[in-house]
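What follows draws every value from the coordinates through simple rules; no lab data is involved. The structure presented is a predicted model; accordingly, all values stated were derived computationally and were not measured. We place every Cβ from the backbone using ideal geometry, glycine too, and count neighbours over all the protein chains shown.
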């Protein structure tokens with residue numbers, strides 16, 4: 001797809017998203033610790049009882065290159081560690097976070113989930129994937145997307161409120 005419309009379906013029904021060649025698209029795919037490198041931007045979500053900076057245990061780690069010089073944001077809840085990987089030693093990942101005076105030590109476990117995030121084009125959008133879209137609603141109720149996030153579905157489902165596209 002280079003531009004056009006995407007129909008998202010979910011519990012609230014179907015919604016039309018208009019994607020243009022200027023829509024900023026990011027793609028998230030599964031990863032693993034060996035894919036994480038010094039200098040990568042990371043968003044680390046701690047486990048429920050995973051502590052708080054300067055030391056946390058990771059439930060999930062999303063990583064990739066900086067996007068327009070930024071490493072992402074904590075999102076809702078604000079518990080995430082967001083920064084740049086300073087070092088990796090075994091199950092310990094040191095993250096430089098702007099809001100902390102020293103590196104945050106992130107402990108990863110066999111249960112930690114990994115995902116890589118990268119820039120993509122509208123061609124990355126395909127039937128059955130999960131999408132998030134942000135933009136403005138036009139007079140017909142369609143969303144004119146400025147930003148679209150694409151990720152694979154899990155067992156045909158889109159976790160965390162994401163809708164399946166088609």
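Here are a few things to note about the model shown:
- Compared with the direct C-alpha span, the chain from residue 155 to residue 118 gains 11.1 nm at full extension, assuming 0.36 nm per residue.
- Whether segment 1-41 is rounded, prolate or oblate, judged on the alpha carbon gyration tensor where a/c under 1.5 counts as rounded: oblate
- Shape class of segment 29-117 from the alpha-carbon gyration tensor: rounded, with the ratio a/c of largest to smallest axis under 1.5.
- Length released on extending from residue 24 to residue 111, taking residue separation times 0.36 nm less the Cα-Cα span: 28.2 nm
- Between residue 102 and residue 140, the simple spin-label model (points 7 angstrom out along Cα→Cβ) gives 5.8 nm.
- Computed FRET value (nearest 0.05) for residue 12 with residue 60, which takes r as the C-beta separation and R₀ as 30 Å: 0.70
- Share of pairwise Cα-Cα distances greater than 27 Å in the chain is 31 percent (whole percent).
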